[in-house]
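S.K.: First the structure, which I've put down as structure tokens, then a few questions once you've had a look.
The values are calculated or read from the model by the stated rules, or taken from the named source; none is laboratory data. Note that the structure is predicted; figures quoted are calculated from it, not measured. Cβ: placed from backbone, ideal geometry, glycine included. Neighbour counts: every protein chain shown.
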Amino acid sequence: MSTILIVDDQPAICYSLKRLFESEGLEPLTAKGGHEALKVLKDTIVDIALIDVRMPDMDGLELLSIIKQQNINVQVLMMTAFSSTEKAIEAIRLGAYDYLTKPVDNDELLKIVRDILRVREFTSTLVGFGGEDADFDGDRIIGNSPQMLEIYKTIGRVAPTDATVLIRGESGTGKELIARAIYHYSKRAKMPFLAVNCAAIVDALLESELFGHERGAFTGAEYRKIGKFERCHKGTLFLDEIGDMSLETQAKVLRALQDGTFERVGGNETIKTDVRIIAATNRDIEGLVKTGRFREDLYYRLNVVTINIPPLRERISDVDQLVSYFIKKYSRVFSKPIDGISHEALECLKSRHWYGNVRELENTIQKAIILCRDNHISTHCFEFTTDDTTQQSCLEEHIDILVKKVFQYSKPTPLPDLLCLIETAMIKKALEQTGGNQVQAAKMLGISRNTLRSKANLFD
């Protein structure tokens with residue numbers, strides 16, 4: 001049974017809210033002020049705290065701040081009869097889940113409470129369940145940053161439906177984990193979950209992988225093969241890296257989405273199937289549509305609900321939880337007990353850009369546990385290497401944004417002028433970062449000191 005703590009100095013409000021939550025099967029507790037609330041939170045596991053802003057012994061925002069500083073694992077709802085924009089903004093900034101104005105609408109309050117309880121379930125439950133591609137030990141979605149909480153709420157809303165979902169995010173952000181969470185909390189959870197990486201299968205074989213083929217359909221087709229769409233009847237099919245799919249295969253996927261029918265490669269039999277599609281990509285689908293490399297009608301079919309997963313560098317507050325989880329996981333996998341991580345080592349991890357996102361962080365922790373000579377991870381356990389692939393991918397994304405910005409201007413910018421602007425900016429930044437040291441700046445830019453000097457003279 002979930003527990004909710006009501007913190008209000010007015011007994012009548014505590015009584016009415018207590019009756020409301022009891023009718024919902026929750027276990028309500030009450031406290032008439034902030035100090036009493038802190039004692040309850042210290043001795044009792046509470047899922048939600050509903051806190052009044054104005055109380056005589058302690059301001060509700062002060063109580064919220066203490067709860068967050070002490071890392072008490074409770075979601076906080078603030079309520080007040082004296083609403084103001086400043087108070088609401090401050091409450092959300094301090095980490096409140098939501099801000100309500102008295103008199104509180106019971107239906108709205110209960111809806112928010114259900115959302116919170118669903119979010120807490122997502123953060124504490126294994127999502128790598130079932131299916132032939134499931135990890136043997138399961139994996140968790142980790143993170144309580146505001147961005148991740150919004151994703152959990154979206155999962156809670158979309159999972160019970162059959163809506164098609166498009167998950168977007170950089171490589172290594174955990175798109176398949178989100179897909180598995182949607183599947184696990186859906187009404188199809190007892191049916192198959194199958195995943196297909198469209199970028200990992202050559203196009204000539206991808207159509208057969210998805211829809212199957214008849215014997216003799218092509219050279220090497222010595223037997224009939226049942227494809228993923230057919231095997232996943234009544235279940236969920238996860239199409240990863242959908243942006244790498246050919247136009248021909250896209251047309252067949254579109255038909256399967258529109259009327260639930262397809263033919264095996266080399267076959268004439270029309271097969272009906274009932275499959276929920278969850279797709280994912282790290283590419284600019286809108287750009288692919290504009291250049292004719294992705295079907296616009298399929299894009300709109302897939303883009304019913306979109307979940308954007310932020311890169312790890314935009315939710316650094318989640319690194320602590322992720323590190324703790326990976327240490328526990330891999331110390332068990334490698335049968336090597338690790339008690340924890342030093343403050344310096346953790347700060348080192350939090351200062352990195354993580355171009356490979358959560359996957360890169362996970363690999364870093366694995367290596368650290370293997371290299372660690374005692375039962376505590378320190379900075380000496382890290383072996384950071386330059387990942388040219390992920391850095392190149394990140395650079396390409398930023399260059400793509402820059403190019404789009406350039407073409408937004410009505411006045412065309414000649415290519416030589418644009419290159420000159422970029423070159424000048426890079427030289428200035430290199431000199432700035434090296435404190436004006438031309439030798440170091442030239443090394444950073446990959447040019448000679450004389451070349452740097454001659455170019456720098458152009459804008460002196």
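S.K.: Quick test for you: out of Leu29, Leu61, Leu41, pick the one residue that is buried (at least 17 other Cβ atoms within 10 Å of the Cβ), within 17 Å of Leu117 (Cβ to Cβ) and either small (Gly, Ala, Ser) or modelled with pLDDT of 90 or more (or both).
M.R.: Leu29
S.K.: Would you call Ala217 of a type outside the set (Phe, Trp, Tyr) and without any contact (Cβ under 8 Å) to a residue 60 or more places away in the chain?
M.R.: Numbers: of a type outside the set (Phe, Trp, Tyr): yes; without any contact (Cβ under 8 Å) to a residue 60 or more places away in the chain: yes.
Criteria met by Ala217.
S.K.: Under the condition of being at pLDDT 50 or above and among the aliphatic types (A, V, I, L, M), which residue from region 127-143 is surrounded by the fewest Cβ atoms within 10 Å (Cβ to Cβ)?
M.R.: Looking at the filtered set, the residue picked out is Ile142.
S.K.: Starting from region 314-342, keep only residues that are over 19 Å from Met148 (Cβ atoms), then list their pairs with residues that are among the hydroxyl-bearing types (Ser, Thr, Tyr) and buried (at least 18 other Cβ atoms within 10 Å of the Cβ) whose Cβ atoms are within a distance under 7 Å, requiring at least 6 positions of separation or different chains.
M.R.: Close Cβ pairs (under 7 Å, with a partner that is among the hydroxyl-bearing types (Ser, Thr, Tyr) and buried (at least 18 other Cβ atoms within 10 Å of the Cβ)) amount to Pro337/Ser331; Ile338/Ser331.
S.K.: Next question, about the same structure. Of the residues Thr236, Thr249, Thr270, only one is surrounded by fewer than 14 Cβ atoms within 10 Å (Cβ to Cβ) and either under 30 Å from Glu150 (Cβ atoms) or at pLDDT 90 or above (or both); which?
M.R.: Criteria check complete, one pass: Thr270.
S.K.: Hey, any hits in region 385-394 for a residue that's exposed (fewer than 11 other Cβ atoms within 10 Å of the Cβ), assigned to a loop (DSSP other than H, G, I, E, B) and at pLDDT below 70?
M.R.: Taking every residue of region 385-394 in turn, at least one turns out to be exposed (fewer than 11 other Cβ atoms within 10 Å of the Cβ), assigned to a loop (DSSP other than H, G, I, E, B) and at pLDDT below 70.
S.K.: Here is a follow-up. When region 234-263 is examined, which residues are found to be without any contact (Cβ under 8 Å) to a residue 40 or more places away in the chain, in a strand (DSSP E or B) and touching a Phe, Trp or Tyr at 6+ places or on another chain (Cβ under 9 Å)?
M.R.: Within region 234-263, none qualify.
S.K.: If I ask for residues that are farther than 20 Å from Ala204 by Cα and in contact with a Lys or Arg (Cβ under 9 Å, 6 or more places away or on another chain), which ones from region 259-277 would you list?
M.R.: Answer for region 259-277, where residues must be farther than 20 Å from Ala204 by Cα and in contact with a Lys or Arg (Cβ under 9 Å, 6 or more places away or on another chain): Asp259, Gly260, Thr261, Ile271, Thr273, Asp274, Val275, Arg276, Ile277.
S.K.: Now a separate question. Does any residue of region 83-105 turn out to be modelled with pLDDT of 90 or more, more than 25 Å from Gln321 (Cα to Cα) and under 32 Å from the mean Cα position of the chain (by Cα)?
M.R.: no
S.K.: Going by what's in this entry, would Glu170 be described as within 26 Å of Arg332 (Cβ to Cβ) and in contact (Cβ under 8 Å) with a residue 60 or more places away in the chain? Even if it seems obvious, please write down each step before you answer.
M.R.: Numbers: within 26 Å of Arg332 (Cβ to Cβ): no; in contact (Cβ under 8 Å) with a residue 60 or more places away in the chain: yes.
The answer is no for Glu170.
S.K.: Now, a different point. Which residues, taken from region 413-460, are surrounded by 11 or more Cβ atoms within 10 Å (Cβ to Cβ), modelled with pLDDT under 80, under 23 Å from Leu402 (Cβ atoms) and among the charged types (D, E, K, R)?
M.R.: Lys455
S.K.: Still on this structure, please answer the following. How many residues are among the hydrophobic types (A, V, I, L, M, F, W, C) and closer than 11 Å to Ile51 by Cα if we restrict to region 1-15?
M.R.: Here the count works out to 5.
S.K.: If I ask for residues that are surrounded by 13 or more Cβ atoms within 10 Å (Cβ to Cβ) and either among the hydroxyl-bearing types (Ser, Thr, Tyr) or under 19 Å from the mean Cα position of the chain (by Cα) (or both), which ones from region 287-305 would you list?
M.R.: Result: Tyr299, Leu302, Asn303, Val304, Val305.
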